[in-house]
Amino acid sequence: MTQTIPATASNIALPTLVALYRTMCRIRAFEDAAEAASKGGVAAFGQAAAGTAQVRGPLHLSTGQEAVPAGVCAHLKPADYLTSTHRGHGHTLAKGADLAGMMHELFGRASGFCGGRGGSMHIADFSVGMLGANGVVAAGIPIAVGAAQSIKIRKQDAIAVTFFGDGAINRGPFAESLNWAAAFKLPILFVCEDNQWSATTKTGPMSAGEGAAARARAHGIPAEMVDGNDAWAVHEAAKQLIADIRAGKGPRLLHAKTYRFKGHVSVDPASYRDPAELQAALGNDPFLIARRQMLAGGMNDAAIDAILAEARQEVEAALASAAAAPWPELEAAYTQIQDTGAGQWL
């Protein structure tokens, strides 16, 4: 069943909800700014590249999905490991990574997390346990399983969490990872961030069965479904699942149904999508749900608006510092590389 939490003050801890909303605001503000900075950054969907773009290459936005990383990552510790998707900015921020450092990485600057090498699709910040976003669909899942295996072998007080989209459940690494995690009773939470679209194709018609939760249960892994647009509901569902994992009960899966408001990449107008579907999704914006809940809890509109305004100011400062940051030195191109071992370039 899908877990839903009514928007009433009686069952919502307002300080916790405000903290979740603050995380959501930082993600939304970052995505909006990155989208604007990427205009002309790639030639795709009939649009030409322009030399004025500050963010180059494909940029995959998670606008509309903010409640999922906010609700899940609120329960994670710095020692916990995380893997993400090609749409990983929100997960990275929610895990505690520095916002400015990530903006510097998107700008390709030497001061970015990966020295400007990773860009948007390969964000990583080991200092907070963020093992990396990944440009290959489903590729982050077995990496997280490997991290969970290492946690168990080393007897660490930690867990691993992997975020993946609904399209990833139709790829082999998902089934293999479920089997391995269940067989070895690993401390890992699988989070299916179901935005209903696999790139430019609707996921439902090409997915057999009842979805991620049913496939997890088939491997003996307990699974829960939740309204992925309700940050409080995600928070409460993840809290119990993560508590079970930390108690040594093995892997768990959370299937969060949400929606991405933007196209597959920032330059994608998503003309293949029914406009009525998008309008319906916008009416169920995670920000609207959280606002109703906060108002019911006694906050006023001005206080709520101030949280988003503060996030946008933080992002504006990050944009300015990224634009002023130095580019990588030419010599950096010859470091952190792999060759054939034969002593010559191919």
Inset, instruction - Answer yes if at least one residue in segment 66-73 is open to solvent by less than 20 Å² (accessible area, probe 1.4 Å) and among the acidic types (Asp, Glu), and no otherwise. - result: yes
Legend entry - Total residues in segment 142-157, condition more than 19 Å from the chain's Cα centre (by Cα) and either of a type in the set (Val, Ile, Thr) or at positive phi (or both): 3
Legend entry - Options 160, 168, 133, 139: the member that is open to solvent by 20 Å² or more (accessible area, probe 1.4 Å), on the phi < 0 side of the Ramachandran plot, small (Gly, Ala, Ser) and touching a helix residue (DSSP H, G or I) at 6+ places or on another chain (Cβ under 8 Å): 139
Inset, instruction - Return only the number of the condition from (1) open to solvent by 30 Å² or more (accessible area, probe 1.4 Å); (2) part of a loop (DSSP other than H, G, I, E, B) that residue 53 does not satisfy. - result: (1)
Legend entry - Subset of segment 22-36 [open to solvent by 10 Å² or more (accessible area, probe 1.4 Å) and touching a residue at least 12 places away in the same chain (Cβ under 8 Å)]: 22, 23, 26, 28, 32, 33, 35
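Considering only segment 116-128, how many residues are over 14 Å from the mean Cα position of the chain (by Cα) and either surrounded by 22 or more Cβ atoms within 10 Å (Cβ to Cβ) or more than 20 Å from residue 326 (Cβ to Cβ) (or both)?
Just the residues of segment 116-128 that are over 14 Å from the mean Cα position of the chain (by Cα), to begin with: 116-119, 126-128.
Subset that is either surrounded by 22 or more Cβ atoms within 10 Å (Cβ to Cβ) or more than 20 Å from residue 326 (Cβ to Cβ) (or both): 126-128.
Result for segment 116-128: 3.
Of all residues in segment 282-306, which are part of a helix (DSSP H, G or I), surrounded by fewer than 17 Cβ atoms within 10 Å (Cβ to Cβ) and either within 21 Å of the chain's Cα centre (by Cα) or among the polar types (S, T, N, Q) (or both)?
First pass over segment 282-306, keeping only residues part of a helix (DSSP H, G or I): 282, 286-296, 301-306.
With the extra rule that they be surrounded by fewer than 17 Cβ atoms within 10 Å (Cβ to Cβ), the set shrinks to 282, 288, 292, 295-296, 301-303, 305-306.
282, 288, listed by residue number.
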Legend entry - Leading residue by the ranking (most open to solvent (accessible area, probe 1.4 Å)) among those in segment 307-329 that are under 22 Å from residue 15 (Cβ atoms) and small (Gly, Ala, Ser): 309
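Answer yes or no: is there a residue in segment 160-175 that is under 27 Å from residue 288 (Cβ atoms) and in contact with a His (Cβ under 7 Å, 6 or more places away or on another chain). Please lay out each step first, then the result.
At the first step, the residues of segment 160-175 found to be under 27 Å from residue 288 (Cβ atoms) are 161, 163-167.
Filter again for in contact with a His (Cβ under 7 Å, 6 or more places away or on another chain), leaving 163.
Yes - at least one qualifying residue is present in segment 160-175.
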Inset, instruction - Tell me which residues, restricted to segment 232-242, are farther than 15 Å from residue 17 by Cβ and open to solvent by 50 Å² or more (accessible area, probe 1.4 Å). - result: 240
Legend entry - Residue, surrounded by the fewest Cβ atoms within 10 Å (Cβ to Cβ), within segment 171-196, restricted to residues that are more than 26 Å from residue 154 (Cβ to Cβ) and touching a Gly at 6+ places or on another chain (Cβ under 8 Å): 196
Inset, instruction - Please determine, by comparing only the residues of segment 249-281 that are closer than 29 Å to residue 49 by Cβ and assigned to a helix (DSSP H, G or I), which one is most open to solvent (accessible area, probe 1.4 Å). - result: 275
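The values are calculated or read from the model by the stated rules, or taken from the named source; none is laboratory data. Given the structure is predicted, the values throughout are model-derived calculations rather than measurements. Because the Cβ atoms are built from the backbone with ideal geometry, glycine has one as well, and the counts that use them run over all protein chains shown. Accessible surface areas use protein heavy atoms only, side chains included; no ligands, DNA or RNA. Shrake-Rupley method; radii C 1.70, N 1.55, O 1.52, S 1.80 Å.
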